[in-house]
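K.L.:
I'd like to ask some things about the structure below.
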Amino acid sequence: MALASVGYSDFDGTRDFILEHQNEDGGWSWSTTGESDSNDTAAAIMAILETGVDNNSTEINLALDYLQSTQNEDGGFGYDIESNSDGASTAWVIAALNKVGSDPSGWQIGENNPVSFLQSLEQEDGSYLWLPADETGSAMVTAYSLVALSDKFYPVNYIELEQEQSNDTGVDLRIEGPDDTVCLAAGLEADNVLDLLALGATVCNYDYDTQDSAYGVYVSSIDGIAGQGTDGWQYFVNWQGGTQAAGEYQLSDGDIVLWAYGGWPFYASRLELNETHIDTDSVLSATLSYFDGEVWQAQSNAQVHVGDQVHQADGSGQINVTIQNDGVYPVWFDGSDEYARSNREYVTVGSGIPQAVDLLVEVQNGSGPGDDIIAFSVSQSSINFGTLSAGQSAQTTVSLSNTGTADIYVEASIIGDSIFTENTSLNQSAWENYNTNIAQSGSSSVNVGLSLPNQLNTSGQKTGQLIFWAISN
């Protein structure tokens, strides 16, 4: 829907993917193997309508039947068929009905309907409650409600983007040998990966050899290092392994090409920093990940260098390091049998020190002084509480970092299985009560706890989602 709002129209693959994963009950889940829920079903309805699916199609009618099966006697909708009604879920269903052209006030159960339920959550200050029992309104639910009760849907608007000239000029090349880096070059102009290797040789002064094979030209040696056994030179474009001969892979401006020496399987390590400039005694977070051919994976337990210190990444591929001395510190992963040496990033601590440092800058065009950019990062992309029994609990800590240009106000919501929606705490309090203010360039730690009740009538693996959202403060 976001892409449709800016004029993108090539949705054939997207439409087919969504339709292929419609569940037998007519609904959709947030995952391809999960059980249906009202939120994702409403979103899927609005999404496939953007791809050209008719609002009288079999798929839409099945989805509406599923939504109707989740409606509660109070007229509202919960997350799934077993959940009590809440403002967010009801607002999303109303938005989907608006887009289909079905009058939501006509979805009556007795004297109740979705519109009357949502209107019952409005407070004197104009906000809307998440749950009827809540004491204060939620900004997020209020935003959803305004769209729904205005007979609107998603996307709420369609705009035409101005065609801006890309800031990306040329292609970057990095070559990592088994012991050290062979070449770093930026802004090169080449049509394909093999031509780029030839151009890089004139910049970085290395030799390379090629051989003809049934699959095209094969690079057998770079900088005097030849393949042996199952080890050899492999290329990656934008962190993903090449799937065709180097001379056939066509490059575009802004591409990042890596040649690395290793065996099979072998992956390109991507290092990302939460900040490139932090205060003295502040925490630096660095994350290692790799693309396995289908999805991005955490590179857990890797040894990450920060200056002359080495730190082991956790299960999510992350290190969190407090740096006490001012300076400019290189951060990198030195490679292993399975992973190539990572890109090298630099963090400035405090005022830094006068040393020669590789320079990199991203210039954002179109956002001048006074334009607030709301952006923040979360230190973990997933939390696994392990195996718990009735009466047991577990907790972990995540860090929110304000990476935008405005102070932000943050709230949270939890969706998914009732194990999470009913038993999760944030900072030792019910998650519904969580909120915090984070100043520009600031961060905030959040304790995430799960405490199971002493009596349980369910078992098996449960899933949910913790969602943080922010507005300008």
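K.L.:
Check Thr396 against each of (1) at pLDDT 80 or above; (2) touching a Lys or Arg at 6+ places or on another chain (Cβ under 8 Å); (3) not hydrophobic (A, V, I, L, M, F, W, C) and name the one condition it does not meet.
P.N.:
(2)
K.L.:
Oh, and also: Which residue out of Glu24, Glu35 is of a type in the set (Asp, Glu), assigned to a loop (DSSP other than H, G, I, E, B) and either within 22 Å of Val156 (Cα to Cα) or within 27 Å of the chain's Cα centre (by Cα) (or both)? Steps first, please.
P.N.:
Details: Glu24 fails: either within 22 Å of Val156 (Cα to Cα) or within 27 Å of the chain's Cα centre (by Cα) (or both).
Result: Glu35 is the single residue among Glu24, Glu35 that is of a type in the set (Asp, Glu), assigned to a loop (DSSP other than H, G, I, E, B) and either within 22 Å of Val156 (Cα to Cα) or within 27 Å of the chain's Cα centre (by Cα) (or both).
K.L.:
Please go through (1) more than 20 Å from Ala286 (Cα to Cα); (2) surrounded by 14 or more Cβ atoms within 10 Å (Cβ to Cβ) for Ala439 and return the number of the only condition it doesn't satisfy.
P.N.:
Here Ala439 meets the rest and fails (2).
K.L.:
How many residues does the range 32-63 contain that are within 29 Å of Leu131 (Cβ to Cβ) and in contact with a Ser or Thr (Cβ under 7 Å, 6 or more places away or on another chain)?
P.N.:
Here the count works out to 8.
K.L.:
Which of the residues belonging to the range 148-183 are under 25 Å from the mean Cα position of the chain (by Cα) and either closer than 30 Å to Ser127 by Cα or modelled with pLDDT of 95 or more (or both)?
P.N.:
Selection gives Phe153, Tyr154, Pro155, Val156, Asn157, Tyr158, Ile159.
K.L.:
Quick check: is even one residue across the range 220-228 surrounded by fewer than 18 Cβ atoms within 10 Å (Cβ to Cβ), free of Cβ contacts under 8 Å to residues at least 40 places away in the same chain and closer than 30 Å to Ser377 by Cα?
P.N.:
Checked against the condition, which is being surrounded by fewer than 18 Cβ atoms within 10 Å (Cβ to Cβ), free of Cβ contacts under 8 Å to residues at least 40 places away in the same chain and closer than 30 Å to Ser377 by Cα, the range 220-228 yields no hits at all.
K.L.:
Could you please find all residues in the range 38-59 being touching a residue at least 12 places away in the same chain (Cβ under 8 Å) and either in a loop (DSSP other than H, G, I, E, B) or not assigned by TED's automatic domain parsing to the domain that holds Ile94 (or both)? Before you say what the answer is, go through the steps one by one.
P.N.:
Within the range 38-59, the subset touching a residue at least 12 places away in the same chain (Cβ under 8 Å) is 38-53, 55, 59.
Within the range 38-59, Thr51, Gly52, Val53, Asn55 qualify.
K.L.:
Could you tell me which of the residues Ala246, Ala268, Ala260 is surrounded by 18 or more Cβ atoms within 10 Å (Cβ to Cβ) and modelled with pLDDT under 90?
P.N.:
On the way: Ala268 fails: modelled with pLDDT under 90; Ala260 fails: modelled with pLDDT under 90.
None of the other options fit; the residue is Ala246.
K.L.:
Something else about it: Which of the residues belonging to the range 106-137 are surrounded by fewer than 20 Cβ atoms within 10 Å (Cβ to Cβ) and closer than 20 Å to Tyr66 by Cβ?
P.N.:
Of everything in the range 106-137, those that are surrounded by fewer than 20 Cβ atoms within 10 Å (Cβ to Cβ) and closer than 20 Å to Tyr66 by Cβ turn out to be Gly106, Gln108, Ile109, Asn112.
K.L.:
Moving on to the next point. Looking only at residues that are more than 29 Å from the chain's Cα centre (by Cα) and in contact (Cβ under 8 Å) with a residue 60 or more places away in the chain in the range 184-207, which one is nearest to Tyr218 (Cα to Cα)?
P.N.:
The extreme case among them is Leu197.
The values are calculated or read from the model by the stated rules, or taken from the named source; none is laboratory data. Here the structure is a predicted model, which means the values were calculated and not measured. A quick note on method: Cβ atoms are made from the backbone with ideal geometry, for glycine too, and the neighbour counts reach across all protein chains shown.
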